[in-house]
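K.L.:
Here it is, the structure in full.
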2 protein chains.
Amino acid sequence: MYPSEEETKLWVALNRSQRIIYKAIDARLKEEGLPPLRWYDVLWELERTDGAGLRPFVLESKLLFEQSNLSRLIHRMVLSALIEEQKFDGDGRGKVLQITQKGRQTRQQMWEIYGPLIQRHIGRASCTFDRAVVAGALESLID
Amino acid sequence: MYPSEEETKLWVALNRSQRIIYKAIDARLKEEGLPPLRWYDVLWELERTDGAGLRPFVLESKLLFEQSNLSRLIHRMVLSALIEEQKFDGDGRGKVLQITQKGRQTRQQMWEIYGPLIQRHIGRASCTFDRAVVAGALESLID
DNA sequence: GAAATGTAGATGAATATGCATCTATGTAAT
DNA sequence: ATTACATAGATGCATATTCATCTACATTTC
C-alpha cells in the first residue's frame, strides 16, 4: 500500500531533476529575451504539422494544458504574431492554429538555446546508465 | 552540441511523467479536501526537524521555492494554523517555522492519500528496470 | 564607528493559472 | 422537428506566481 524507500526515492528524484532542469532552461530563455519554454512546445507541435495546423483541443491533450490556460496562451501567442487562427470549416465551434513565419523563426532561435541545454543537462550525466532504458522506465510510469 | 534523439526522448519522458503523476496526485488531494502537494513538502521538512524548526531561507533552497512565493505560502499556512512562526534569537531579521499539532495531523492525512498514490504510480510500472538505478540516473542529472 | 555592502524576509504590481460557468455549435433521441 | 445532451472554446473571478523593490538587520571595510 505505502511506497517503499526506493519508490519514494525515485519519485523525489523525478521531481527534483525535472524541476531543476526545467527552471534552468526557462531562466536561460528569459535571459535571452525569448518566450517561455512552454511556448516552444506549442510552436513545435504546430511546425510539425507542416501546414495542416492543429485544433486547440488537440494541443490541449498532446501537451497537457488546462483548457482555459491554453485558450489564453493562444491569445498571447497570436498577439505576439507567432501563431494565427483560422476558422475551421468542418465545425462552427472550432478553429485551427497555424504557426507564422515569425513563429518559425522564434522557434528556431529558441532551439539554438534549448537544444544545447538539453544536451548539457541530459547528456553530460555519467554514462553509467542507458538513456533509452531510463526513458523507457519513465514512459512506463504513464498509464 | 545539440542533443541526440535519445537524450531528447529522455528529456520529454522526464517532463511528461513528472507532470502527469504530479497533477494526478494534486488533483486527488484536492478531491479529498486536503491542501496542495507543495504544502506537503513544507510540512514534512518541518516535521522531520523534530522540534528544531526551520528558517524560511533553508526551506527555500531545500525545496526550490522562489523567495517571494515561499514567503506568501508560509503566510497562508500560518493562517491555516498548520505552522507557526517564532522569532529567531540569533538574527534579528530571521524567523523559525514550526509545524503545529494540526499541521502534523494534516500531513498524516495527506500521506494516507499521497503514499499509496506514489506506490501506485511509481511501483506499479513493469519491473523491467531497477528503480534504484533510474533514481540514481535522475539524481546524476542534477549538478 | 561610519559607510558600504550583503542577507532575510515582505510587499505592490504584473502576469499566469485554475475553476466554474457561459455561449455557440454539434449530435442523438424521440 | 423538438428536446436533451455533448463538445469547442471564451471569460469572470479567485488564487498563485514572478519580478522588482523595499525594509530591517548583519557583516565587512576603512
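K.L.:
Measuring nothing but label to label, 7 Å from Cα along Cα→Cβ, what are A:Phe88's distances to the other copies in nm, shortest first?
P.N.:
From this label point to the equivalent ones elsewhere in the assembly: 5.3 nm.
K.L.:
Tell me the label-point distance for the pair B:Glu31, A:Glu32, using the 7 Å Cα-to-Cβ offset, in nm and rounded to one decimal.
P.N.:
4.0 nm
K.L.:
Still on this model: Whole angstrom only: what separates the Cα centroid of segment A:1-77 from the Cα centroid of segment B:14-54?
P.N.:
First find each Cα centre; the distance between them is then 20 Å.
K.L.:
When each copy gets a label point 7 Å from Cα toward the beta-carbon at B:Ile142, what are the spacings between them in nm, shortest first?
P.N.:
Copy-to-copy label distances for B:Ile142: 2.3 nm.
K.L.:
Looking down the axis that turns B into A, which residue of B has the closest beta carbon, and how many Å out?
P.N.:
For the rotation taking chain B to chain A, the closest Cβ gives B:Gln18, 2.
K.L.:
If you don't mind, there's one more thing I want to ask. Pop out the ³J(HN,Hα) list for segment A:95-112 in order, Karplus 6.51 cos²θ - 1.76 cosθ + 1.60 with θ = phi - 60°, rounded to Hz; leave Gly and Pro as x.
P.N.:
For segment A:95-112, the Karplus curve yields 9, 10, 9, 10, 7, 9, 4, 4, x, 4, 4, 5, 4, 4, 4, 5, 5, 5 Hz.
K.L.:
Taking the Cα centre of segment A:5-120 as the origin and placing charges on Cβ (Lys, Arg +1; Asp, Glu -1), which of A:Leu59, A:Gln105, A:Phe88 is farthest toward the positive end of the dipole?
P.N.:
Projecting each Cα onto the dipole axis, the largest value belongs to A:Gln105.
K.L.:
Applying 1/(1 + (r/R0)^6) with R0 = 35 Å to the Cβ-Cβ distance of A:Phe88 and B:Ile20, what FRET efficiency is obtained, to the nearest 0.05?
P.N.:
Rounded to the nearest 0.05, the efficiency is 0.80.
K.L.:
If you take the alpha carbon radius of gyration of segment A:5-120 and divide it by 2.2 N^0.38 Å, what ratio comes out, to two decimals?
P.N.:
Against the empirical 2.2 N^0.38 Å value, I get 1.21 for segment A:5-120.
K.L.:
How many Cβ atoms of partner chains, on average, are near each residue of B:111-124 if near means within 10 Å of its Cβ?
P.N.:
Going residue by residue through B:111-124 and averaging, the value is 5.
K.L.:
Now for a separate question. Need one value for A:16-29: mean number of C-beta atoms belonging to other chains within 10 Å of its residues' C-beta atoms.
P.N.:
Mean number of neighbouring Cβ atoms from other chains: 4.
K.L.:
Beyond 29 Å, what percent of the Cα pairs of the protein assembly as shown remain?
P.N.:
In whole percent, the long-distance tail amounts to 45.
K.L.:
Something else: With springs only between Cα atoms under 10 Å, which of A:Arg16, A:Arg104, A:Arg131 fluctuates most in a Gaussian network model of chain A?
P.N.:
A:Arg131
K.L.:
Given an 8 Å cut-off on Cα distances and at least 6 residues of separation, report the relative contact order of chain B as a percent.
P.N.:
22 percent
Computed from the coordinates by the stated procedures, all read-outs in this text should not be read as laboratory data. Remember, it's a predicted structure, so these values are computed and weren't measured experimentally. Using ideal geometry, Cβ is built from the backbone for each residue, glycine included, and neighbour counts are taken over all protein chains shown.
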